[in-house]
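Let me begin by presenting the structure, written as structure tokens, before commenting on it.
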Amino acid sequence: MNYYDIKNPNQKVSLKEAVLKSISAESGLYMPDYIPALPGSFFANLSNLNLQEIAFEVSNAMLGEDIPKEALKQIVNEAISFPIPLNRLDENLFVLELFHGPTLAFKDVGARFMAGLFQYFLRNENREVVILVATSGDTGSAVANAFYNSKGVKVVILYPSGKVSELQEKQLTTMGGNITALEVEGNFDDCQRMVKQAFADAELNQKLNLTSANSINFARLFPQSFFYFNAIAQLGKVDKPVVISVPSGNFGNLTSGLIAKKMGLPVHRFIAATNRNHVVPDYLKSGEYQPQQTHHTITNAMDVGNPSNFPRMQEIYQKQQLAMAADIKGYWYTDDQTRSAMVDLQTTYSYQSDPHGAVAYAGLKESGLLNDSIGIFLETAHPAKFPEEVEKSTAVEVQIPDTLKEIMKLEKNAIKIPNEYNFLLQYLNKMV
Ligand SMILES: *Cc1c(COP(=O)(O)O)cnc(C)c1O
């Protein structure tokens, strides 16, 4: 399978290059030449397969030409090593819990699979790659955890000083080993700007083999399709159409769902649920795509004014807004509406959700599709990652898992730098 650069479709690379580089020299995202459909026999047998078996079949269809079955099986089994349960809340209402991985957010799925592919592709090489990542919280901890002790990989994480929760900071700064945390005296946009500048620095790239671990990397995006298949498998035989609501920021998660649908998964509709950063819901209504400045909200993992995976969504629908809008409905919510949705889930179904999952629930409810469809909303983080907001809204105490309690006891280890590129460059230059 070849992977083409969306910005320059004649430029094709191998899976290995698409994965190790993340983006093309012109900053274009990679897409597979075609999205393979899975055979009818697979779907007929789907509800008899467990998560790892599904992940293997789906990844073998997409990556099987490039990775031998045995190696792929090992990557899948090591990466997808925690449950992703579908819980029923009401006759037609389900929640897919994506937060049972080591850092308690859905990004573990993609980050762990991506780490497995890096290990595979670097196994016989003595070059070292440096993963540079700016984070407002969840991405950094998932990537740090997934790549900890990975041979041939160093991870450098930039996070905004004082702007991530104490728990998130501990998750970022206590790994040690091949993981370094840079505490930037500035905000998340500063971190992103500095990282972008490093990627644009050709000399530095050459020297360090710089790469990214955001959902712009196909290796992080694609494995997220596994849990859509797994949700339908757990649902079993149903005689109603299925609607899946996805709380979205960079739209990597939703794009993975669209890929699953293209591979043949029977999902009738998706709901793109966002916070005040609603450029995609606007596009679905108007056909106009207008990137915006980022607004800060209580669902901070979705604070994205110009979602990086939007070009991939456009590729899937060949830039036909009407076709995209037929498959995806968009809704967006203010912080107060998000809080109300958390309260609604708690009082109606005794279900404690995090703010991101609550946005997805709100979209599902507003769509009116729950009357004659099966609705599934994705719960992308454990409520314990956002305890203040959840407790303030629902007045129900959040249970903190033991793994998080242990992390809180560890000592923070970060290097503080000013919010200027020169200081990042100095640090990176010292690494080689
Ligand atoms: C990253 C994240 C999202 C948004 O996912 P995208 O793939 O960027 O759309 C939603 N919820 C949580 C908890 C996240 O960490």
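Which entries of 285/392; 107/319; 73/329; 12/240 have Cα-Cα distances beyond 32 Å here? Mind showing how you got there, number by number?
On the way: 285/392 34 Å; 107/319 27 Å; 73/329 35 Å; 12/240 41 Å.
Exceeds cut-off: 285/392; 73/329; 12/240.
State in Å² the accessible area per residue of region 322-400; use a 1.4 Å probe, count heavy atoms of protein chains only, and round to the nearest integer.
Details: 3130 Å² over 79 residues.
Roughly 40 Å² per residue, with all protein chains present.
What whole-number value in Å² describes the accessible area per residue of region 86-193 for a 1.4 Å probe? Please report the intermediate quantities before stating the final value.
Working: 3480 Å² over 108 residues.
Normalised by residue count, the accessible surface of region 86-193 is 32 Å².
Bins of 5 Å, beginning at zero and ending with the bin holding the largest distance: percent of Cα pairs per bin for region 1-108, please.
2, 11, 15, 15, 18, 17, 13, 6, 3, 1
Would you work out the charge dipole size for the chain about its Cα centre, treating the Cβ of every Lys and Arg as +1 and the Cβ of every Asp and Glu as -1, and quote it to the nearest 20 debye?
Values: 38 positive and 46 negative charges, 167 e Å.
Magnitude of the dipole: close to 800 debye.
What fraction of the DSSP beta bridges in the chain is antiparallel, stated in percent and rounded to the nearest 5?
On the way: 12 of 49 bridges.
Rounded to the nearest five, the antiparallel share is 25 percent.
All other residues with a Cβ under 12 Å from the Cβ of residue 311 taken together, and with Lys, Arg as +1 and Asp, Glu as -1, what is their net charge? All intermediate terms of the calculation are to be shown ahead of the outcome.
Numbers: positive: 7, 312, 319; negative: 5, 315.
Overall, the nearby charge balance is +1.
Check which residues have an amide H placed less than 5 Å from residue 134's amide H, if you skip close sequence neighbours.
It is 158, by chain and number.
Which shape class applies to region 189-311: rounded if a/c is under 1.5, otherwise prolate when a/b exceeds b/c and oblate if not, where a ≥ b ≥ c are the square roots of the Cα gyration tensor eigenvalues? Could you put the intermediate results ahead of the total?
Values: a/c = 2.62, a/b = 1.55, b/c = 1.68.
In terms of gyration-tensor shape, oblate.
Note down the magnitude of the dipole of region 83-188 about its Cα centre, charges +1 on Lys and Arg C-beta and -1 on Asp and Glu C-beta and zero elsewhere, to the nearest 20 debye.
Working: 9 positive and 11 negative charges, 93 e Å.
Using Cβ point charges on Lys, Arg, Asp and Glu, region 83-188 gives about 440 debye.
At a 10 angstrom cut-off on C-beta neighbours, averaged per residue, how do the peptides 411-424, 141-154, 57-70, 341-354 rank from highest to lowest?
The peptides rank, most packed first, as 141-154, 341-354, 57-70, 411-424.
For the chain, with all protein chains present and a 1.4 Å probe, just round the carbon and sulfur fraction of the accessible area to a whole percent. Please report the intermediate quantities before stating the final value.
Details: 8150 of 17610 Å².
After summing per-atom areas, the C and S share lands at 46 percent.
Return one quarter of the surface area of the convex hull spanned by the alpha-carbon atoms of the chain, equal to its mean projected area, in nm². Intermediate values should be presented prior to the final figure.
On the way: hull surface 77.5 nm².
With every direction weighted equally, the projected area is 19.4 nm².
Find how many whole Å separate the alpha carbon centroid of region 354-432 from the alpha carbon centroid of region 109-176.
After rounding, the separation between the Cα centres reads 16 Å.
The values are calculated or read from the model by the stated rules, or taken from the named source; none is laboratory data. These numbers come from a predicted model, not from an experiment. Methodologically, a virtual Cβ is constructed for each residue, glycine included, from the backbone with ideal geometry; neighbour enumeration extends over all protein chains shown. Each accessible area value is taken on the protein alone, full model and side chains, heavy atoms only, with ligands, DNA and RNA left out. Shrake-Rupley method; radii C 1.70, N 1.55, O 1.52, S 1.80 Å.
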